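Colleague: Once you've had a glance at the structure underneath, I'll fire off some questions.
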Amino acid sequence: MYEMLPCSGIGEATPTDDVKSIEAIRKKRDKSNAALIKSLREDEHAGALLEATEADWIAGRMTEPVLVDEEIPVDVLLHPRFSVAQEKEDGSLKIRPVDNMSWSDGDGSGNRKKKDIKVGSVNGHTFPQEKMRPDTLDRFIGLLTLFATSVTRVPGLIKV
């Protein structure tokens, strides 16, 4: 989800004057992808992260994972994915993948200032039309709880 998000009607309307087109990011994706690949390091839970990524691909939530070795993809915009380990009651770990849609190469000059990183990211090109208030989030949590108890499954939330 990027650019102007659809209005759900449950939040307080907010002005959205400065909506940026995602085309600016698409035009520099080759440089962005090269900068990202140069900055990557192997995740501590790389095996589990790859398994989760393949499961997301099979479920249709993302494109097929490919090995990037010599040729850097230029037809897609890459984002880093990292793991968050959560300890279960039995002491084992649950590995949760996180897609960092706030990553960007900044202004492309190599000087990665925090402001430039956000402005150049997908999240920096995402504009809600309403502000959520705590009571609407409480209702959302209530809905998630009702869903989980009704279908005995925990819902998965993704940002597309």
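Colleague: With +1 on the Cβ of every Lys and Arg and -1 on the Cβ of every Asp and Glu, and nothing else charged, how large is the dipole of the stretch 18-129 about its Cα centre, in debye rounded to the nearest 20?
Modeller: 760
Colleague: Then there is this: Starting from 0.36 nm per residue, how many nanometres of slack lie between residue 3 and residue 136 once their C-alpha separation is accounted for? List each step's numbers first, then the result.
Modeller: On the way: separation 133, 0.36 × 133 = 47.88 nm, distance 2.26 nm.
Between residue 3 and residue 136, full extension yields an extra 45.6 nm.
Colleague: Something else now. How big is the gap, in Å, between the Cα center of the stretch 5-49 and the Cα center of the stretch 119-145?
Modeller: 16
Colleague: Can you give me the span-like helices of the chain, meaning DSSP H runs with 20 Å or more of Cα extent along the axis and Kyte-Doolittle mean at or above 0.5?
Modeller: The qualifying helices are 134-151.
Colleague: Please turn the phi angles of the stretch 70-76 into ³J(HN,Hα) values with the Karplus equation 6.51 cos²θ - 1.76 cosθ + 1.60 (θ = phi - 60°), one per residue in order, whole Hz, x for glycine and proline.
Modeller: The phi angles translate into 10, 8, 8, x, 10, 8, 9 Hz.
Colleague: Treating cross-link reach as a plain straight distance, find the lysines whose alpha-carbon is under 29 Å from the alpha-carbon of residue 27, omitting any fewer than eight places away in the same chain.
Modeller: Result set, ordered by chain and number: 38, 113, 114, 115, 118, 159.
Colleague: Separate question: Can you tell me the order of 89-95, 46-52, 59-65 when each peptide is scored by its average per-residue count of other Cβ atoms within 10 angstrom, highest first?
Modeller: Averaged packing, sorted descending, gives the order 46-52, 59-65, 89-95.
Colleague: While we're here: Using amide H atoms built 1.01 Å from N in the peptide plane, name the residues 5+ places from residue 130, or on other chains, whose amide H lies under 5 Å from its own.
Modeller: So residue 130 has HN proximity to 14.
Colleague: Still on this structure: For the stretch 18-129, compute the orientation-averaged projected area of the C-alpha convex hull (one quarter of its surface), in nm².
Modeller: Averaged projected area of the stretch 18-129's Cα convex hull equals 9.3 nm².
Colleague: Pull out the extension gain between residue 82 and residue 96, defined as 0.36 nm times the separation in residues minus the alpha carbon to alpha carbon distance; nm, one decimal.
Modeller: Gain on stretching residue 82 to residue 96: 4.2 nm.
Colleague: Now, a different point. Can you give me the distance in nm between label points at residue 26 and residue 44, each placed 7 Å from the Cα along the Cα-to-Cβ direction?
Modeller: 3.8
No lab work stands behind these numbers, since they all come straight from the coordinates. Just so we're clear, the structure is a prediction, and the values are computed from it rather than from any experiment. Quick reminder, even Gly has a Cβ in these numbers, built from the backbone with ideal geometry, and neighbours come from all protein chains shown.
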